[in-house]
Amino acid sequence: MNMSREDNVVSLRSRQGSPSGRPAVSNKRDNFQNKKNNSPIKKRAQLIVLAFVVLGICIYLGVELFGMLNRSNVSFYEVKAAQLSYDTTFSGIAVRDEKLVYSEQSGYINYFIRNKKKAAKNSIIYCVDSKNNTYNALKKDFTKDKLDRSQIIEIKSSIARYLSGESTTLVGNIGEFKEQLGSMIYDFVSNNMIDNLKDYVTEGMTGSSFHVCRSPISGVVSFKCDTYNGITSDMVTADMFKDAPSIINLRSTGLISSSDPVYRICENENWSIVCKVTEEFYVDNVGSREASVLIGNKTTPISVTTTPYSIGEDYFVELKLNTYMSEFIDDRLLPVRFINNKDKGLKIPASSIVQKSYYLVPLNMFVEDKERNVMLLKKEIADPETGEIYLMDVNPSKYYSDGYYAYIDPMYVSDGDVINNPETGNRVRVSTMNSLDGVYNVNKGYYQFVRIDRLETGKDYIVISPSTPDGIREYDHIALDASKAVESMLVK
């Protein structure tokens, strides 16, 4: 078929969609763009990015989970105030102005005075009957005596105090307690006998064999003595505290010989107690001259004058007293409890305490940096190539300063480092290391080591000073278990 040129052009235009052909070009570009957007390369890139995002999230969650599973469970403790009191008990040896009186006659002895009672000068203390006529005459009345209700109550109370450990008698010394109980009962049942003896003497019913013995001085009478009788304060030694002295019961209802000891008498209420104390107690109280103490089973503290002294490596404290002598006249060894109530302290658990090592650096080795307003150390550093010495600034953390030395964290200086003060020319080699007690304070959101001063140490809790510079204060929060805390780590 023959087609004209015009028909051919029309046919071409019809295929291209426009006379100019531009729309056809536009369609090609659109098709190419669509193919590009739907290409496998683009999709693969998007999947890779998404995979990395998911992987990152998984890694983060895994790290957090691992940290949660392995993180130490650190609990916190709120610091509380506590009443500080030093209650320290030591054994003491009683020292008195005492005289042992001996009999001048032989025979059967009977006493006119009860134990621990005060006798006036020239008063009748005892009598001696060589033929025992007077004692036999009174024996019938003596056997008829009975204890009244008040006496029975006193005996029961004495037994109860002994069993509870409150008695001044050495706990466990049943022999001595038996003697004390026997003396008490003897005092009670001999009341009538003593009264009758006084009647015999007054009425002159005694014969030539009967001798009345009077006190040469006034004082408190005791019918006990021991191997420490008559000692003075300067005679007390550390060995005397090892064993209790032997007790001798002077009162007898039988036959005595001349020159036998019959009673002990203390002329006045002034006496002393010498206590053997620890070195720590001695150092803490060496300058003290007043103390509050509890003696024996007393529940009311008394104020006493104290005199601390040492003999070689042994330490003692002598207490001067002017009361209770009559009550404790039969006791040589006495427990003395020192009570020292002071200001309030801070109570913290023993588990919260950690020991921190430090180096001692003299305070005069610090140099002031006026621009930064800090005190620095100048540490000497040697150039490894040239050997030239230059100074490196160190701004260390100071745990404490005692006025002469700074206690430096070992992370800033090491053993053998040389500190140089260019202003004075002084050079010091770091060498002295020690340790101090502290806790981890968490108030700032991280574990911060803070020094403490112990005042009183118990089994589970420690009382510390509330006035330590830059130290712990009431209501601060600290790590309950210091072994689980890490210094400078954030608290989570």
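For the reader, a short list of remarks on this structure follows.
- Among the conditions (1) at negative phi; (2) in contact (Cβ under 8 Å) with a residue 12 or more places away in the chain, the only one that Tyr475 does not satisfy is (1).
- Among the residues listed as Asn421, Asn364, Asn322, Asn395, the single one being without any contact (Cβ under 8 Å) to a residue 40 or more places away in the chain and not aromatic (Phe, Trp, Tyr): Asn395
- Restricting region 280-315 to residues that are in contact with a helix residue (DSSP H, G or I) (Cβ under 8 Å, 6 or more places away or on another chain) and closer than 18 Å to Ser233 by Cβ, the residue that is modelled with the lowest pLDDT: Ala291
- Listed by position, the strands (runs of 3 or more DSSP E) enclosed by region 306-366 that each have at least 1 residues that are among the small types (Gly, Ala, Ser) are 333-349, 354-362.
- One residue stands out among those in region 445-462 that are over 21 Å from Ser401 (Cβ atoms) and exposed (fewer than 14 other Cβ atoms within 10 Å of the Cβ): the one that is farthest from the chain's Cα centre (by Cα), which is Gly445.
- Any hit, region 284-301, residues being at negative phi, touching a residue at least 60 places away in the same chain (Cβ under 8 Å) and either touching an Asp or Glu at 6+ places or on another chain (Cβ under 6 Å) or assigned to a loop (DSSP other than H, G, I, E, B) (or both): yes
- Whether a residue is modelled with pLDDT under 90 and in contact with a Gly (Cβ under 6 Å, 6 or more places away or on another chain) was assessed, and Leu436 does not pass this test.
- Positions within region 211-234 being at pLDDT below 90 and of a type in the set (Val, Ile, Thr), in sequence order: Val212
- Residues (touching a Ser or Thr at 6+ places or on another chain (Cβ under 6 Å) and closer than 30 Å to Thr305 by Cβ) located in region 247-275: Arg264, Ser272, Val274
The values are calculated or read from the model by the stated rules, or taken from the named source; none is laboratory data. From a predicted model like this one, the values you see are computed outputs, not experimental measurements. We place every Cβ from the backbone using ideal geometry, glycine too, and count neighbours over all the protein chains shown.
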